[in-house]
1. Which members of segment 271-295 meet the condition of being open to solvent by 50 Å² or more (accessible area, probe 1.4 Å) and closer than 15 Å to Y325 by Cα?
2. Being charged (D, E, K, R) and more than 14 Å from D129 (Cα to Cα) narrows it down to one of R66, R15, R20, so name that one.
3. Tell me which of these D107 doesn't satisfy, since it passes every other one: (1) of a type in the set (D, E); (2) closer than 19 Å to Y275 by Cβ; (3) modelled with pLDDT under 90.
4. I need the helices (runs of 4 or more DSSP H) fully contained in segment 256-361, keeping only those with at least 2 residues that are out of contact with any strand residue (DSSP E or B) (no Cβ under 8 Å at 6 or more places or on another chain) and among the aromatic types (F, W, Y).
5. In the list R404, R353, which residue meets the criterion of being basic (K, R) and more than 19 Å from V181 (Cβ to Cβ)?
6. Only residues in segment 66-78 that are over 10 Å from V98 (Cα atoms) and in contact (Cβ under 8 Å) with a residue 24 or more places away in the chain count as the first member; pair them with residues that are among the charged types (D, E, K, R) and open to solvent by 30 Å² or more (accessible area, probe 1.4 Å), Cβ under 9 angstrom, at least 6 apart or cross-chain, and list the lot.
7. Hey, does segment 153-174 have a residue that's acidic (D, E), more than 18 Å from the chain's Cα centre (by Cα) and assigned to a helix (DSSP H, G or I)?
8. Would you confirm whether any residue within segment 382-389 is in contact (Cβ under 8 Å) with a residue 40 or more places away in the chain, surrounded by 14 or more Cβ atoms within 10 Å (Cβ to Cβ) and not hydroxyl-bearing (S, T, Y)?
Amino acid sequence: MIIQRDFYLNKLISRRDNGRIKVVTGIRRCGKSVLLFDLFGDYLRKSGVEEEQIIAMKLDTVTNARYRNPIELDKFVRWRITDPNKQYYVLLDEIQEVKAIRNPWLDDKDEKIGFVDILLGLMDLKNADVYVTGSNSKMLSSDIMTEFKDRGDEIHVWPFMYKEFYNAYEGDKSHVWHEFVTYGGLPRILSEKTDEDKSRYLQKLIKDTYLTDVVARNKIQKDISVLDDLLNIVASCIGSLTNPKKLENTFATVKQKKISDSTISFWLDCFIEAYILRKANQYNIKGRSYINTPLKYYFTDIGLRNAQLNFRQQEETHIMENIIYNELSMRGFNIDVGVVEYNYKDAEGNNKRTKLEVDFVANKGSKRCYIQSAFAIPDEDKRLQETNSLLRIKDFHRKIVVVRDKIIPWYDENGIYYIGVEDFALKYIDELADSF
């Protein structure tokens, strides 16, 4: 089942023939290959591009293993570009599978040739437009982007946003949210028929693909079960502030294992590089400065988080917060966890200082909004509790409270906007992003 993803397709179309290398990134199985080969490929064909002008290759298949050698890949692509008067489109899937080798034309044994060299060489061809995908962020490290000499153009693909999932869901629409918060938005979930099939697919994917890939790619010597334990701990505390030192203590007390905070920090970075996790730093809103620790970790796909915990911990409060974070990130917002500090006097008249949290400070350029994920506001006391931090922010950026229930959106007397999470994800968030 091919599902149209115009949000990303239009990004590729707008960058067509722009003289840059289009790099499509994202977690494995999020739909990068379908986007590039099926959706964009079909667009090219419908726009008049002939089949021979499309050079497509999936580098993670055994059939194409020989082309993981950069010299062999370069030879193949150049062999296919036969007519100097035609424009060719080079579509290469999982480019990070191309391994750097020693330059056979130089005596220097340290001189390497890798995929960056091949891509830059292809860009020198006036009739080649190059598109690649990759599932590890190391391929877009600052060093590699410097080597691209500002000729790399990233399009980051996520699992389905809620609106995509909702539109593609073929069952009773009243069940969509429950399906999404349980199994997430990886495309194959929509074609799995039973709850058992969906659960099995996600659990197998995270154990046999993601964890194994992280261990192999980073040459981690530890037993994979230790990384599994770490991912379990992070999955259990999404929406909670933490840091590697706290996680070290958790390992010692809960798992009776001694793992240093520096090792944990490295492993977390590995999960982030593989797009399994993302992190949000703390930002002091009044002080206009970042706080080094603690921070929050979120899963790129909530279904993977649930599968990691064998679907045991289904606290929709934290799951909803993770989904809101993802929905904002998908629209290109830069997101921090906000902190508002203020002074007050206690009952004895002593000066005290405390801090309140704002779930998300979402930025685009110079524009900003503040968002609280409140789940439920059953009474006035709860409403005041949830908005206390927002009321102490003395600027004029939008302030939004997202609740689980379906409500008619409304503003309170302080200009704070209240909206249900499904309306937020289906419509309002796009209006918000377009207004920035």
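The values are calculated or read from the model by the stated rules, or taken from the named source; none is laboratory data. On a predicted model such as this, the values are computed, not experimentally measured, just so you know. Counting neighbours? That spans all protein chains shown, and the Cβs are built from the backbone with ideal geometry, glycine included. Each accessible area value is taken on the protein alone, full model and side chains, heavy atoms only, with ligands, DNA and RNA left out. Shrake-Rupley method; radii C 1.70, N 1.55, O 1.52, S 1.80 Å.
1. R278, K279, N281
2. R66
3. (2)
4. Hits in segment 256-361: 261-273.
5. Answer to the selection: R353.
6. As it stands, the answer is D74/D117, since those pairs meet every condition given.
7. no
8. Checking segment 382-389: not a single residue is in contact (Cβ under 8 Å) with a residue 40 or more places away in the chain, surrounded by 14 or more Cβ atoms within 10 Å (Cβ to Cβ) and not hydroxyl-bearing (S, T, Y).
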